[in-house]
Amino acid sequence: MALLGAVYTINPVIRTPEEVLETLCSPAPSVRDTKRPKPCHKHMRAALERDGDDTTAPQVTTIFDWIGEQAQARNPSADKPIVLLMDGQESLW
């Protein structure tokens, strides 16, 4: 199983809880969704690495270290909000 990481910058989109719900549950995007800002400076990286014990620990280190480097380079003073989205794989938490 490969591990993928993506880092990008985007202006915030202020929405009400109802607007978020509409976006998640509506089959067609609302007019507001089509006007949301575009991600900038998007970089993606993937790793498919195993160690001698046949675990995926090396790829976790590779991707999360890279994400940390990207966050530090993009926000060296740590004064901007950072959002981390992950799937449900508890071992990565």
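Read-outs: derived from the displayed coordinates by stated rules, not from any lab. Model, not experiment: these values are computed from the prediction. As a convention, Cβ positions derive from the backbone with ideal geometry for all residues, glycine included, and neighbour counts pool all protein chains shown.
Values computed for the structure shown
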quantity: The chain, relative contact order [Cα under 8 Å, separation at least 6], %; calculated: 34 percent
quantity: Debye log10 I(q)/I(0) at q = 0.13, 0.15, 0.19, 0.21 Å⁻¹ for the chain, Cα point scatterers; calculated: -0.64, -0.80, -1.04, -1.12
quantity: Per-pair calculated FRET efficiency, R0 = 35 Å: E22 and M44 via Cβ, rounded to 0.05; calculated: 0.75
quantity: Trypsin sites (Lys or Arg not before Pro) within segment 7-93, DSSP loop, no more than 16 other Cβ atoms inside 10 Å; calculated: R15, K35, R50
quantity: Nearest 10 degrees, 0 to 90: helix 57-74 Cα axis against the chain principal axis; calculated: 50 degrees
quantity: FRET efficiency, I14 to V60 (Cβ-Cβ, R0 41 Å, nearest 0.05); calculated: 0.75
